[in-house]
Amino acid sequence: MTESTAPQAEHRTVLLRGGEVHSPADPFATAMVVERGHIAWVGSEGAADAFATGVDEVIDLEGALVTPAFTDAHVHTTATGLALTGLDLSGARSLTEALDLVRAHSAAHPADTVLLGHGWDTARWPEQRPPSRAQLDEASGSRPLYLPRVDVHSAVVTTALLDLVPGITDLAGYHPDAPLTAAAHHAVRAAAHAAITPAQRAAAQRAALARAASLGIGTVHECAGPEISDEDDFTSLLELAGAEPGPRVVGYWAERVEGAKDARRIRELGAIGAAGDLFVDGSLGSHTACLHTPYADAAHTGTGHLDSAAVAAHVTACTEAGLQAGFHAIGDAALTAVTDGIRTAADTLGLARVRAARHRVEHAEMLTPETIAAFAEFGLTASVQPAFDAAWGGGDGMYAQRLGAERARTLNPYAALLRAGVPLAFGSDSPVTP
Ligand SMILES: [Zn+2]
């Protein structure tokens, strides 16, 4: 759908006909009337004749499909905008090509600017390895540069960016010459983002929301939090989205809630839930999704950030405060921790109260029949990303590399979720996928 920008257009009555109007109110609708910016009627061609003379304008849809505006249920708005306005490595076909892109982008910016990039994936490169720090220092002309991997769970950086983070070498996930993960990664990301000016940030947010609108997306769920963004970023986005035309932004803040005071503070930020990327684990691409049995291509089971007791405490406190709770959970062990924790909360508060709070789980990729049944039982919404499966699924995709073909085949069981009665919310996790 297009957005009308001329103010007088909002007061016109328009009949659209000859299309395919997707509406649960009338599955065979081909026409609709829009009055003062609202849909006043949906129906069939024959009935549309009655409106044809009384409207300001008749638009022939020529068979086009008309749907309600889409909702993207998992978005990182500022990061998406920074990716749109920053260095995009998702098209780089090799390490050499990526370094050339870094060189060109760096040359176009003043020496003291913090540079941000995105989208590298060594799985697509013949070299099969990320750039070394020395290579990045050279290519960036010694500028501070933050380059997260495509899944944004690890990053390569320059020495100049490390210099902005005192004590970085003592943090978990720091490697002298390999992508940074865990605490070290979060610290460099925070330092890079802290160096962005409010004007740069607002420009990025506008770019992201304009892109969403151009794709027919009328609502985005912003998944913010202290580890992946910051309070200023979150509140400035909600303020900007409220003040300017464009998609509606629904805010989630990923911070653990221990009592009514935390819940109140999160509401005051403007969030409707303490959910989104509240990390129970990481990602499959970075070997940080938490598994029951080891990776096929690494001798460990990933990283768990929250156990079932922590999940139970968060869900209990949120439910008591009437706040939606949620988690980021990808691996089977992470999803078991989530459902076990929610079971404990339901035992304490009663199943009906937990269901009524409509808690949600992001990604939920490595589900089992048991965890699917638990999702249905607890009334959880699965906030899923079909584009992940398109990008990394399949017999020889990244999921099969990480997990072996047999386990990889069981990922993202959307049909099984629907059959079990679990609502699916679709999202892009942009900028992870477009
Ligand atoms: Zn996310």
Listed residues ALA325, ALA390; which is part of a helix (DSSP H, G or I), at pLDDT 95 or above, within 30 Å of ILE217 (Cβ to Cβ) and not assigned by TED's automatic domain parsing to the domain that holds HIS153?
ALA390
Considering only residues that are open to solvent by 60 Å² or more (accessible area, probe 1.4 Å), charged (D, E, K, R) and assigned to a loop (DSSP other than H, G, I, E, B), which ones fall in the range 151-181?
ASP163, ASP177
Hits in the range 219-249 - residues which are in a strand (DSSP E or B) and away from the ligand (no atom under 16 Å from the Cβ)
THR219, ARG248
Please determine whether any residue of the range 124-136 is assigned by TED's automatic domain parsing to the domain that holds ASP163, out of contact with any helix residue (DSSP H, G or I) (no Cβ under 7 Å at 6 or more places or on another chain), among the acidic types (Asp, Glu) and away from the ligand (no atom under 16 Å from the Cβ).
no
PRO413: more than 16 Å from the ligand (Cβ to nearest atom), in contact with a strand residue (DSSP E or B) (Cβ under 6 Å, 6 or more places away or on another chain) and open to solvent by 20 Å² or more (accessible area, probe 1.4 Å), yes or no?
no
Identify all residues within the range 250-268 that are more than 15 Å from the ligand (Cβ to nearest atom) and either in a helix (DSSP H, G or I) or within 19 Å of the chain's Cα centre (by Cα) (or both); write none if there are none.
ARG256, ALA260, LYS261, ASP262, ALA263, ARG264, ARG265, ILE266, ARG267, GLU268
Please state which of the following conditions HIS328 fails to meet, knowing it meets all the rest: (1) within 16 Å of the ligand (Cβ to nearest atom); (2) surrounded by fewer than 24 Cβ atoms within 10 Å (Cβ to Cβ); (3) under 24 Å from ALA415 (Cα atoms).
(2)
Whichever residue in the range 201-233 is closer than 17 Å to ALA83 by Cα and without any contact (Cβ under 8 Å) to a residue 60 or more places away in the chain and, among such residues, is least open to solvent (accessible area, probe 1.4 Å)
ALA202
Give me the pairs: first residue in the range 286-311 and open to solvent by 40 Å² or more (accessible area, probe 1.4 Å), second residue of a type outside the set (S, T, N, Q) and modelled with pLDDT under 95, beta-carbon distance under 8 Å, and six or more apart or on different chains, which are they?
THR303/ALA182
Assigned to a loop (DSSP other than H, G, I, E, B), under 22 Å from SER94 (Cα atoms) and open to solvent by less than 60 Å² (accessible area, probe 1.4 Å): is that true of PRO148 in this structure?
no
Return yes when ALA364 is within 16 Å of the ligand (Cβ to nearest atom) and open to solvent by less than 60 Å² (accessible area, probe 1.4 Å) and no when it is not.
yes
From the residues in the range 29-88 that are under 30 Å from PRO144 (Cα atoms) and away from the ligand (no atom under 16 Å from the Cβ), which one is modelled with the highest pLDDT?
LEU87
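The values are calculated or read from the model by the stated rules, or taken from the named source; none is laboratory data. None of these values were measured; they are calculated from a predicted model. So basically every Cβ, Gly included, is an ideal-geometry build from the backbone, and we count neighbours across all protein chains shown. Each accessible area value is taken on the protein alone, full model and side chains, heavy atoms only, with ligands, DNA and RNA left out. Shrake-Rupley method; radii C 1.70, N 1.55, O 1.52, S 1.80 Å.
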